[in-house]
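Here is the structure we will look at, set down as structure tokens.
The values are calculated or read from the model by the stated rules, or taken from the named source; none is laboratory data. Quantities reported herein were computed from a predicted structural model and do not represent experimental measurements. As a convention, Cβ positions derive from the backbone with ideal geometry for all residues, glycine included, and neighbour counts pool all protein chains shown. Protein only, heavy atoms only, side chains kept; ligands, DNA and RNA dropped before computing areas. Shrake-Rupley method; radii C 1.70, N 1.55, O 1.52, S 1.80 Å.
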Amino acid sequence: MRLNLKHLFWLKIVLHLAALLPLLWLVYAVSQGDFSADPAKDIQHFTGRMALQLLLASLLVTPLARYARQPLLVRCRRLLGLWCFAWATLHLASYALLELGIDNLRLLSRELVTRPYLVLGITSWVILLLLAGTSTLWAQRKLKNRWQILHNLIYIVAILAPIHYLWSVKILSPQPVLYAAAALALLALRYKKFRQWWR
């Protein structure tokens, strides 16, 4: 069955809810004290995983639309990308405010030196900021061919973000490895595009 515009409308509502409801749960969990003895870390990890999940979901859209022959699915990519940026911003804010404290943001530069994985995370966030800021049709028309070149930077984020996660955990567990493997698989599906660029 081919998706039509009505199906797409409801699919977008479901995706919005899927991205929003975890935020409502997070607020509730914080208010109820449902986290461990280190809630700041729990919040950072939760927001980071949500950003990564939405990043992977946005990367899944194009191959899924191609192989399932559902071209309208591509219209969900922007929605997922913006939610990815929103959760990545929450992730960065939770680290800056809960870990460093609002009065100690100057420590961030020192943290970047002592914890290089933070450089990968902030680089990913800056790229997502650029992509979110140019996600409108107006920006697409204004930038023309440069728009696609700019938005191909999402593949850099798909490399840096999983490495950031792997590098940040003190004890390696299956979860960050699975995220990295999923990102690698989604990039591998685009091998023809990358081979064309290489040529």
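Please enumerate the residues belonging to the range 37-57 that are among the charged types (D, E, K, R) and either closer than 11 Å to LEU90 by Cβ or assigned to a helix (DSSP H, G or I) (or both). Hits for the range 37-57 are LYS41, ASP42, ARG49. Residue count for the range 16-57 under the criterion of being touching a Gly at 6+ places or on another chain (Cβ under 9 Å) and either under 21 Å from PRO162 (Cα atoms) or among the hydrophobic types (A, V, I, L, M, F, W, C) (or both): the result is 3. Elements of the type helices (runs of 4 or more DSSP H) sitting completely within the range 151-199 and holding at least 3 residues that are open to solvent by 50 Å² or more (accessible area, probe 1.4 Å) and of a type in the set (Val, Ile, Thr): these cover 154-168. Candidates are the residues of the range 97-117 that are over 17 Å from ILE43 (Cα atoms) and open to solvent by less than 60 Å² (accessible area, probe 1.4 Å); the one that is modelled with the lowest pLDDT is ASN104.
Residues in the range 61-74 that are open to solvent by 80 Å² or more (accessible area, probe 1.4 Å) and either at pLDDT 95 or above or not in a helix (DSSP H, G or I) (or both): ARG69 alone. Considering each residue of the range 122-135 in turn, none proves to be exposed (fewer than 14 other Cβ atoms within 10 Å of the Cβ), not in a helix (DSSP H, G or I) and not charged (D, E, K, R).
Selection within the range 27-45: residues that are open to solvent by 70 Å² or more (accessible area, probe 1.4 Å) and acidic (Asp, Glu). The member of this set that is modelled with the highest pLDDT is ASP38.
Applying the set (1) of a type in the set (A, V, I, L, M); (2) within 27 Å of LEU166 (Cα to Cα); (3) open to solvent by less than 80 Å² (accessible area, probe 1.4 Å); (4) at pLDDT 95 or above to ILE13 leaves exactly one unmet item: (2). Criterion first (modelled with pLDDT of 95 or more, open to solvent by less than 60 Å² (accessible area, probe 1.4 Å) and not hydrophobic (A, V, I, L, M, F, W, C)) does SER94 satisfy it? Against the criterion (modelled with pLDDT of 95 or more, open to solvent by less than 60 Å² (accessible area, probe 1.4 Å) and not hydrophobic (A, V, I, L, M, F, W, C)), SER94 does not qualify. Evaluation of LEU24 against the conditions (1) in contact (Cβ under 8 Å) with a residue 60 or more places away in the chain; (2) open to solvent by 80 Å² or more (accessible area, probe 1.4 Å); (3) closer than 23 Å to GLU99 by Cα shows that the sole unmet condition is (1).
For CYS84, the criteria (1) at pLDDT 95 or above; (2) within 23 Å of LEU186 (Cα to Cα); (3) open to solvent by 30 Å² or more (accessible area, probe 1.4 Å) hold in every case but one, which is (3).
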